[in-house]
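A.B. asks: Let me begin by handing over the structure; questions about it come next.
The values are calculated or read from the model by the stated rules, or taken from the named source; none is laboratory data. Worth saying up front: this structure is predicted, and the values here are computed from it rather than measured. Methodologically, a virtual Cβ is constructed for each residue, glycine included, from the backbone with ideal geometry; neighbour enumeration extends over all protein chains shown.
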């Protein structure tokens with residue numbers, strides 16, 4: 001019986017390893033900029049051995065969900081849509097932060113109220129999909145989450 005139990009555990013070990021081998025979203029939260037528009041911020045972790053790209057996001061909370069970033073143009077920061085996705089290198093983390101890459105929700109179906117959750121499906125193409133629950137926190141400060149790396153005092157200026 002002991003041999004059978006050990007064999008069963010050994011057979012399940014690759015499955016347990018796969019649970020950590022993929023794309024993961026952490027620290028997801030949503031904010032509403034007005035009653036019809038919201039944004040989602042989070043940290044993407046790539047636990048795979050290949051580069052992955054966030055190609056799109058979807059949610060029933062909005063008519064359209066798009067990937068956006070901020071770019072400086074003639075000394076002015078402008079938000080623009082990302083057409084080619086957001087790459088996350090193998091074994092790396094990419095933060096979707098205010099003032100940088102983020103997920104925009106356009107045409108909200110209901111207002112984003114503090115404490116509610118928004119469900120999103122993140123599509124990483126060949127790297128699979130990830131379902132994320134983002135808590136609505138309209139009061140959260142721009143640098144109100146720690147992504148495990150230092151930020152200088154000016155890193156979020158103007159955002």
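A.B. asks: Could you tell me whether any residue of region 135-150 is under 18 Å from residue 66 (Cβ atoms), modelled with pLDDT of 95 or more, in contact with a strand residue (DSSP E or B) (Cβ under 8 Å, 6 or more places away or on another chain) and assigned to a loop (DSSP other than H, G, I, E, B)?
C.D. replies: No, region 135-150 contains no residue that is under 18 Å from residue 66 (Cβ atoms), modelled with pLDDT of 95 or more, in contact with a strand residue (DSSP E or B) (Cβ under 8 Å, 6 or more places away or on another chain) and assigned to a loop (DSSP other than H, G, I, E, B).
This table checks each residue for (1) surrounded by fewer than 10 Cβ atoms within 10 Å (Cβ to Cβ); (2) under 24 Å from residue 133 (Cα atoms); (3) in contact with a strand residue (DSSP E or B) (Cβ under 8 Å, 6 or more places away or on another chain); (4) at pLDDT 95 or above.
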{"position": "31", "(1), (2), (3), (4)": "no, yes, yes, yes"}
{"position": "43", "(1), (2), (3), (4)": "no, yes, yes, yes"}
{"position": "60", "(1), (2), (3), (4)": "no, yes, yes, yes"}
{"position": "68", "(1), (2), (3), (4)": "no, yes, yes, yes"}
{"position": "73", "(1), (2), (3), (4)": "yes, no, no, no"}
{"position": "77", "(1), (2), (3), (4)": "no, no, yes, no"}
{"position": "82", "(1), (2), (3), (4)": "no, yes, yes, yes"}
{"position": "87", "(1), (2), (3), (4)": "no, yes, yes, yes"}
{"position": "91", "(1), (2), (3), (4)": "no, yes, yes, yes"}
